[in-house]
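So the structure is just underneath, and the comments pick up after that.
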Amino acid sequence: MALLGCGSSGGGAGDGGAGGTGPAPNYDESAPPVPAMVTPEAGGTVRSAAGLLEVEFRANTVAQPMELRVVRLTGADVPADAFLGIAHRIEPVLPYYNSVAEATWTIPGVLVAAAFGAPATASRAPLPAARLISSNGGKANEALPVSLYQVLEGGGIKLRSGVNAPPAVLYLSKSYSVAEVKGVSPAPNRPGGADFTIKPAPGSDMVWVSGTIGSSSTNNWEGAGGTVESDGNQGLKGRFGGTCDFPSYPARLGFEVQGKVTIGGRTVDYHPTLSTTVTCQQ
């Protein structure tokens, strides 16, 4: 399915976005990034020029007040496996961080569609790998844990990762999985819910090791927990089950899969939030 887009030189992309109306949005990040002040006492937040990447620094992450900026990389600085050439660096590149920073990618639906041919939806969405190339002699290309993944209105995605070292390059890679969710409408006095699968895309180095159902957010639904197991082919399958509280009304189900995945030999947590709507029969 889908994920991000844009040319390797930061050019615009677009087909009009959701609904195909209006001018094509411009996500050109060739403009000089706006620096933001980050202090030991309060931390701070810096964003790339078009807001594709935001990095939040907690208090005590930096040793002294300084202006930081998120720079869009171009040319040879962009890893070959970066989705449609989107990669960033936080400058100036510091020797170390005293605390973990949080990197949040917000990728609009038009860029998701540009990379995979269709925007993300509640029933089918991409789960990309977040990667860091360290600036201080660490691993050349390190997979990052994902603490938040959401499908946004209009087919975009939001993904958040912890960053524990100053990156020379920070990006989402072409290694990804596809999550598919199918609503099972409960019959009277019979359970239903959301059946889902998470499968690595062809050529991806993601292997799903395990998973459980974590937090949930439901409407008109009496949850009955969930099951997650291996699908026998490097992916997961499961169900978030339950029954309707009130018949003849739709039930909206949202649930987090607390997954553990191996990416390039490194095991990390990956927590996507999936959702669907089922019809409560009379």
With springs only between Cα atoms under 10 Å, which of SER248, SER30, SER210 fluctuates most in a Gaussian network model of the chain?
SER248
Looking at the chain as a GNM with Cα springs under 10 Å, which of GLN64, GLN150, GLN258 has the largest mean-square fluctuation?
GLN64
Treating only the Cβ of Lys, Arg, Asp and Glu as charged (+1, +1, -1, -1), what charge dipole size does region 178-279 show about its Cα centre? Round to the nearest 20 debye.
80 debye
Over all directions, average the projected area of the Cα convex hull of region 18-176 and note it in nm².
9.5 nm²
Debye log10 I(q)/I(0) at q = 0.15, 0.29 Å⁻¹ for region 69-127, Cα point scatterers:
-0.63, -1.26
In nm, give the distance between the simple-model label positions of TYR96 and VAL209, each being 7 Å from the Cα along the Cα-to-Cβ direction.
2.6 nm
Vicinal HN-Hα couplings computed from phi for region 38-52 (Karplus, 6.51 cos²θ - 1.76 cosθ + 1.60; Hz; Gly/Pro x)
10, 10, x, 6, 10, x, x, 10, 10, 10, 6, 4, 9, x, 5
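How big is the charge dipole of region 66-206 about its Cα centre, in debye rounded to the nearest 20, if each Lys and Arg gets +1 on its Cβ and each Asp and Glu gets -1 on its Cβ?
The calculated dipole for region 66-206 is roughly 260 debye.
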Expected 222 nm ellipticity per residue - DSSP helices of 4 or more, -39500 (n - 2.57), all of the chain, to 500:
-1000 deg cm²/dmol
If you build the convex hull over the alpha carbons only and average its shadow over all orientations, what do you get for region 178-279? Give it in nm² to one decimal.
6.1 nm²
Can you give me the P(r) profile for the chain? Cα pairs, bins 10 angstrom wide beginning at 0, each as a whole percent.
7, 28, 31, 22, 10, 2, 0
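None of the figures in this text is laboratory data; all of them are computed from the coordinates on show. In this text the structure is predicted, and so the values were computed from the model without any measurement. Using ideal geometry, Cβ is built from the backbone for each residue, glycine included, and neighbour counts are taken over all protein chains shown.
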